[in-house]
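Enquirer: Got a structure here, written out as structure tokens. Questions coming.
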Amino acid sequence: MTMKLFDWKRRQADESALNDAESTVFTLDNLKPAPGSRKRFERKGRGIAAGQGATCGFGMRGQKSRSGRPTRAGFEGGQQPLYRRLPKFVGKPTGPGHKKTTYNLIKLDELNALTSGDIANYSSLLEGGHITKSSSKLPHKIVVGKGDFTAEGITVQAHAITGKAREIIEAKGGKVEILSPTTGEIVTAE
């Protein structure tokens, strides 16, 4: 395998060993970038000889030649910007006053150690050592994990639950109780 070297700094280098693909083992100490892919940085504002002296390629006058950011992100000179031309997704409101609810997730396989008749909520799971303490005081949501759910006949209390997790719990003879995020009282019991 032979290759033509375009990088002037490497034209004189003896790289016949590297060009032998059958016997060369590439390691971290003999890796090199492709010839011509690495380019010296441009020294701007360092005089005429630098090639980008004085105005550094920004021209003499106008808003875009001044210091600081010339315009805000997305500004198109007064034209209707792209983020306002595109249609919005129905059911996904944006802007101030709209936010996504974030939950601390509890996976179904973390409930496997419980026996029939037990109540599974955050405090009981934490005392039993089945889950670790969460760093934030967010509401808790039961989701389907990667492992299988084997506990039968338990009562699960959480602030939210996914539809699939509810089906799996109820199929094993369990019961789901939804808690209020503010008071912690049982809102609905099914």
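The values are calculated or read from the model by the stated rules, or taken from the named source; none is laboratory data. This structure is a prediction, so every number in the text was calculated from the model and none was measured. As a convention, Cβ positions derive from the backbone with ideal geometry for all residues, glycine included, and neighbour counts pool all protein chains shown. When the accessible area is computed, the model is the full protein with side chains, heavy atoms only, and any ligands, DNA or RNA have been set aside. Shrake-Rupley method; radii C 1.70, N 1.55, O 1.52, S 1.80 Å.
Enquirer: Would you mind finding the one in G53, G128, G45 that is free of Cβ contacts under 8 Å to residues at least 40 places away in the same chain and at positive phi?
Expert: Testing whether each residue is free of Cβ contacts under 8 Å to residues at least 40 places away in the same chain and at positive phi leaves just G45.
Enquirer: Can you go through Q80, Q63 and tell me which one is in contact with a Pro (Cβ under 6 Å, 6 or more places away or on another chain) and open to solvent by 60 Å² or more (accessible area, probe 1.4 Å)?
Expert: Q63
Enquirer: Specify which of the listed residues (L86, L108, L82) is touching an Asp or Glu at 6+ places or on another chain (Cβ under 9 Å), without any contact (Cβ under 8 Å) to a residue 12 or more places away in the chain and not acidic (D, E).
Expert: L82
Enquirer: In region 14-60, how many are among the aliphatic types (A, V, I, L, M), surrounded by 12 or more Cβ atoms within 10 Å (Cβ to Cβ) and not in a helix (DSSP H, G or I)?
Expert: Qualifying residue count for the region: 1.
Enquirer: At least 3 residues that are open to solvent by less than 30 Å² (accessible area, probe 1.4 Å) in each: list the strands (runs of 3 or more DSSP E) lying fully within region 103-190 that qualify.
Expert: 140-143, 155-158, 175-179
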